[in-house]
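Below is one structure, written out as structure tokens, with a few remarks after it.
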Amino acid sequence: VRPRGIHPTAVVSERAVLGENVSIGAYAIVEAGVTVGANSFVGPHCILGEPGAGYYQGDDTAIPTSIGEGAIIRSHTVVYAGVRIGPNLRTGHHATVREETVAGRNFQVGTGSDVQGRCSIGDYVRLHSRVFVPEHTVLHDYVWLFPGALITNDPHPPSDGATVGPTIGAYAVIGAGSVILPSLHIGKDAVVAAASVVTRDVAEGQLVVGAPARARGNASELVKSRDPKLERPYPWREHFSRGFPWEKPKGGI
Amino acid sequence: VRPRGIHPTAVVSERAVLGENVSIGAYAIVEAGVTVGANSFVGPHCILGEPGAGYYQGDDTAIPTSIGEGAIIRSHTVVYAGVRIGPNLRTGHHATVREETVAGRNFQVGTGSDVQGRCSIGDYVRLHSRVFVPEHTVLHDYVWLFPGALITNDPHPPSDGATVGPTIGAYAVIGAGSVILPSLHIGKDAVVAAASVVTRDVAEGQLVVGAPARARGNASELVKSRDPKLERPYPWREHFSRGFPWEKPKGGI
Amino acid sequence: VRPRGIHPTAVVSERAVLGENVSIGAYAIVEAGVTVGANSFVGPHCILGEPGAGYYQGDDTAIPTSIGEGAIIRSHTVVYAGVRIGPNLRTGHHATVREETVAGRNFQVGTGSDVQGRCSIGDYVRLHSRVFVPEHTVLHDYVWLFPGALITNDPHPPSDGATVGPTIGAYAVIGAGSVILPSLHIGKDAVVAAASVVTRDVAEGQLVVGAPARARGNASELVKSRDPKLERPYPWREHFSRGFPWEKPKGGI
């Protein structure tokens, strides 16, 4: 239904490098210095290689941005110059990823999510809709942030000192609508319940709930009452595999 | 000031069906399979008929989307293929409505709001700015969600089990910045105060306040102190009529 | 890298007035009645002079909008007809500023922020990402709203009575993820901690924390523990100057 290939209205710089079989949607913009890997889709009204602050002061350097193969970047998304993202990126609509952020493979950024600059993001990290990730945040592999999760990075804003970001450990789950106060460390496999306000570091595997969030023991001890199919929901990687490396191929014996 | 009609830069599929007197703004995209009713406005940079996941795997079926007459769809809004919405839709800017969602007449979706797939939405439902409505949500007629309200649908994310959405009863009011925890039922005429976190079902007509939200009696017993013109604010349909079927025509005797 | 000047794809009304050396990005729209001051940048996919409700009822008046010189308006931003903003505006992406809002010089509106109509905004006001400012809000000079801050204006929604907005005093800081309940006054130099829910007026200089927010003394008495460089973080204007009139010029002896 939507034609594949490079739409005639797209503005693609001659100094952008597109892999084989890349589709660029109507009214999309790909600036100089951008590389998009093979078999990727760039949706309508997207901008790849959005210039940073220097551009407005006259700097015309084409800072490289690279996006790995197999990306699906949905409409109205903006990726800045100076970003490096591995293969299989997925974005929703109206997402932003700012300068000097580096992300691994299979990164997902949901609709309306905003990843600020200089973040370090592992593999298979998933941000659902309208997640906010501030500058210098470190997200380890397999982290999930659910809708509306908000991370902060400045204990006493405004200040010039917020150069150490928060760190979220591998497999950690940050529930919908929760707020992580500045400069905290959330441990591997930790679970922050929805609508929590996290004011202290969270230890590995710990479940925290509420505002301010209180420890409720190890998440692996949580027994799920509402879904009879799923006795122990955490660690989630023991029952959830869709899209992850440990997913079993469908069909066949 | 802005010309009406189909802007020369709009990309409108030959297999889209536009009613009489439809305006399509600059740089808007209307894909194959989309029907837009008469007297509608589609703003600049909108996309109607955005393809779902199958498209990226090679599926080129034009899944029908229909939007009833008299719609006003503001700029940068995205409506997916497979959506069915009644007459008099209103959207703000940067809104999204995803696949297989069905909505009745006079649906309003505010700026930055995100309605996920497979929702069932009654008549005269109003979502203000940046509301999040997850998959499978059921919103009955005349429901209001105020700015930043966030509904969730998975008790222990991530999981494969979240196929039963939350339900919000007719005339219910969900205040700004509140979070509805997964799979709850909010009763008809209930009122959730701003910034509440709802952790349990809310009975018909009940007012709940706080995080976690506590019952504060029947909303109809609430006496408004700050506005001398309005003694009893709830049920709101007894004093508020703008845009609703019970609105009295202006003028006349 | 991105060419300066008026991009050939931009739709600029003959009745728009552009100062010297203005750049208009690809696919941007500047409607009749809009004035943009010299040395400004209007990003791709922006709309300046978005028509209000009257347009859909047949009104074709070009209501003036003026944006002062030196503006940087980033992509996908929408500024309505009937807005008046001073010099040095900065916006992020996907921001909206609605009709009859008036703002002073050096106004910043972050990515995804939504400023509703009829607001009165002083000089050097800074809204970070996805801030929501409702109709009739008054923000005095040097106010900061951090990511996800949400202001509300109707004590018992829906109603027809919400014509008095909240007021935030000069230099006040509203932390990330906080919610200001309707019609409150936040005093000059006050500090609302992140993730707070403010239910009462906040006196000048006061620090409030929590949900509901409780007073914790004067913000100037707060001693910062986490950053050894900064003993007393508030009032912030005593140590933070970047971009403000009291910033010292760089270099010299």
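The values are calculated or read from the model by the stated rules, or taken from the named source; none is laboratory data. Just so it is clear, the structure is predicted and the values come from calculations on it, not from any experiment. Reconstructed Cβ throughout: ideal geometry from the backbone, glycine too, with neighbour counts over all protein chains shown. We work out accessible area using only protein heavy atoms, side chains counted, and drop any ligands, DNA or RNA first. Shrake-Rupley method; radii C 1.70, N 1.55, O 1.52, S 1.80 Å.
In the stretch C:188-246, the qualifying residues are those that are of a type in the set (Ser, Thr, Tyr) and touching a strand residue (DSSP E or B) at 6+ places or on another chain (Cβ under 8 Å), and the one that is modelled with the highest pLDDT is C:Ser196. Just so you know, in the stretch C:87-103 the residues that are more than 20 Å from C:Val22 (Cα to Cα) and either more than 12 Å from every other protein chain (Cβ to nearest Cβ) or hydroxyl-bearing (Ser, Thr, Tyr) (or both) include one that is surrounded by the most Cβ atoms within 10 Å (Cβ to Cβ), and it is C:Thr96.
Does A:Gly68 fit the bill of being surrounded by 21 or more Cβ atoms within 10 Å (Cβ to Cβ), more than 9 Å from chain C (Cβ to nearest Cβ) and under 30 Å from B:Gly58 (Cβ atoms)? Judged against the criteria, A:Gly68 is a match.
Of everything in the stretch B:153-182 that is polar (S, T, N, Q) and modelled with pLDDT of 95 or more, the residue that is surrounded by the most Cβ atoms within 10 Å (Cβ to Cβ) is B:Ser178. In the set (1) modelled with pLDDT of 95 or more; (2) open to solvent by 10 Å² or more (accessible area, probe 1.4 Å), the condition left unmet by B:Thr61 is number (1). State whether the residues of the stretch A:2-13 include one that is under 17 Å from B:Thr9 (Cβ atoms), within 12 Å of chain B (Cβ to nearest Cβ), out of contact with any strand residue (DSSP E or B) (no Cβ under 6 Å at 6 or more places or on another chain) and open to solvent by less than 20 Å² (accessible area, probe 1.4 Å). Within the stretch A:2-13, not a single residue is under 17 Å from B:Thr9 (Cβ atoms), within 12 Å of chain B (Cβ to nearest Cβ), out of contact with any strand residue (DSSP E or B) (no Cβ under 6 Å at 6 or more places or on another chain) and open to solvent by less than 20 Å² (accessible area, probe 1.4 Å). What do you reckon, is C:Tyr56 farther than 28 Å from A:Thr65 by Cβ, at pLDDT 95 or above and in contact with a Phe, Trp or Tyr (Cβ under 9 Å, 6 or more places away or on another chain)? Yes: the conditions hold for C:Tyr56.
Kindly indicate the residue of the stretch A:169-180 that is part of a loop (DSSP other than H, G, I, E, B) and out of contact with any Pro (no Cβ under 8 Å at 6 or more places or on another chain) and also farthest from C:Ser196 (Cα to Cα) among those meeting that condition. Steps first, answer last, please.
Restricting attention to the stretch A:169-180, the residues satisfying the condition of being part of a loop (DSSP other than H, G, I, E, B) are A:169-172, A:175-178.
In the following step, the residues that additionally are out of contact with any Pro (no Cβ under 8 Å at 6 or more places or on another chain) were identified as A:169-170, A:172, A:178.
Working: A:Gly169: 26, A:Ala170: 28, A:Ala172: 24, A:Ser178: 12 Å.
Applying the filter and picking the extreme gives A:Ala170.
Scanning the stretch B:130-150 for residues that are more than 17 Å from A:Gly110 (Cβ to Cβ) and under 10 Å from the mean Cα position of the chain (by Cα) yields a count of 4.
Would it be correct to say that B:Val164 is more than 9 Å from chain A (Cβ to nearest Cβ), within 25 Å of A:Val197 (Cβ to Cβ) and touching a residue at least 12 places away in the same chain (Cβ under 8 Å)? No; evaluated as a whole, the condition is false for this residue.
If you go through the stretch B:122-143, how many residues are open to solvent by 10 Å² or more (accessible area, probe 1.4 Å), in contact with a strand residue (DSSP E or B) (Cβ under 7 Å, 6 or more places away or on another chain) and either outside any loop (DSSP other than H, G, I, E, B) or more than 11 Å from chain C (Cβ to nearest Cβ) (or both)?
Here is the first cut: in the stretch B:122-143, the ones open to solvent by 10 Å² or more (accessible area, probe 1.4 Å) are B:122-124, B:126, B:128, B:130, B:135-136, B:138, B:140-142.
Filter once more, so that each one left must be in contact with a strand residue (DSSP E or B) (Cβ under 7 Å, 6 or more places away or on another chain): B:122, B:126, B:128, B:130, B:138, B:140.
Next cut, either outside any loop (DSSP other than H, G, I, E, B) or more than 11 Å from chain C (Cβ to nearest Cβ) (or both) only: B:122, B:126, B:138, B:140.
Final tally of qualifying residues: 4.
Taking the stretch C:16-31, which residues are at the interface with chain B (Cβ under 9 Å from one of its Cβ atoms) and closer than 15 Å to C:Arg2 by Cα?
So in the stretch C:16-31, the residues at the interface with chain B (Cβ under 9 Å from one of its Cβ atoms) come out as C:27, C:29, C:31.
The one that is at the interface with chain B (Cβ under 9 Å from one of its Cβ atoms) and closer than 15 Å to C:Arg2 by Cα: C:Tyr27.
Candidates in the stretch C:109-121 are the residues that are in a loop (DSSP other than H, G, I, E, B) and of a type in the set (Ser, Thr, Tyr); of these, the one that is nearest to A:His93 (Cα to Cα) is C:Thr111. In the stretch A:190-202 there is no residue that is at positive phi, of a type outside the set (Ser, Thr, Tyr) and more than 12 Å from chain C (Cβ to nearest Cβ). The number of residues in the stretch C:183-225 being touching a His at 6+ places or on another chain (Cβ under 6 Å) and open to solvent by 40 Å² or more (accessible area, probe 1.4 Å) comes to 1. Residues of the stretch A:186-212 that are β-branched (Val, Ile, Thr) and touching an Asp or Glu at 6+ places or on another chain (Cβ under 8 Å): A:Ile186 alone.
Annotation: of all residues in the stretch A:32-49 being buried (at least 24 other Cβ atoms within 10 Å of the Cβ) and more than 18 Å from the chain's Cα centre (by Cα), the one that is farthest from the other protein chains (Cβ to nearest Cβ) is A:Val34.
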